[in-house]
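This report concerns only the one structure given below.
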Amino acid sequence: MIKNFEGKDRVASFLCVRPSQSFHMVHMDGSNVVSKISHASKGDLRINGGYFVLRKDVFDFMKPGEELVEEPFQRLIEKKQLSAYKYDGFFVCMDTFKERQALEEMYATGNAPWTMWAKKRA
């Protein structure tokens, strides 16, 4: 992600990933007739993965008390200074108790792709 960013003439970049949450996307027409229901992780939907690469110029786009992804990112978008790094590798949010349980289960069973240090010893 950092190497990719270094080659671009942008002020900021963020990791964008497919959502890992277990919700479904509802597609419907103008009359609210459902045409399709699909799992959120299977479509083209991307979310902010929460990792950023920023140049110090990003402070020129920020004002006190603002949330980075809200107002400053909108200013960066207007100036075409924000890029996203598409990542399709392992990524799971841990925002809910259910997600925490799933990650703890993966770790307990030895199926934890984020434990790179364990793989190097094996």
message: Given N residues in the chain, what is its alpha carbon radius of gyration divided by 2.2 N^0.38 Å?
response: 1.34
query: By per-residue mean of other Cβ atoms within 10 Å, what is the highest-first order of 51-63, 96-108, 25-37, 5-17?
result: 5-17, 51-63, 96-108, 25-37
message: Can you give me the C-alpha center-to-center distance between segment 66-86 and segment 32-56, rounded to a whole angstrom?
response: 17
field: Counted charge near PHE14, where neighbours are those whose Cβ lies closer than 14 Å (Asp, Glu -1; Lys, Arg +1)
entry: +3
field: Efficiency of FRET between LYS3 and ALA84 - r from beta-carbon atoms, R0 22 angstrom, step 0.05
entry: 0.90
statement: Counting only DSSP beta bridges with both partners in the chain, the antiparallel fraction in percent, to the nearest 5, comes to 65
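Values quoted throughout were computed directly from the atomic coordinates according to the rules given, and no laboratory measurement underlies them. Note that this is a predicted model, so its numbers are computed, not measured. Glycine gets a Cβ as well: all are built from the backbone with ideal geometry, and neighbour counts include every protein chain shown.
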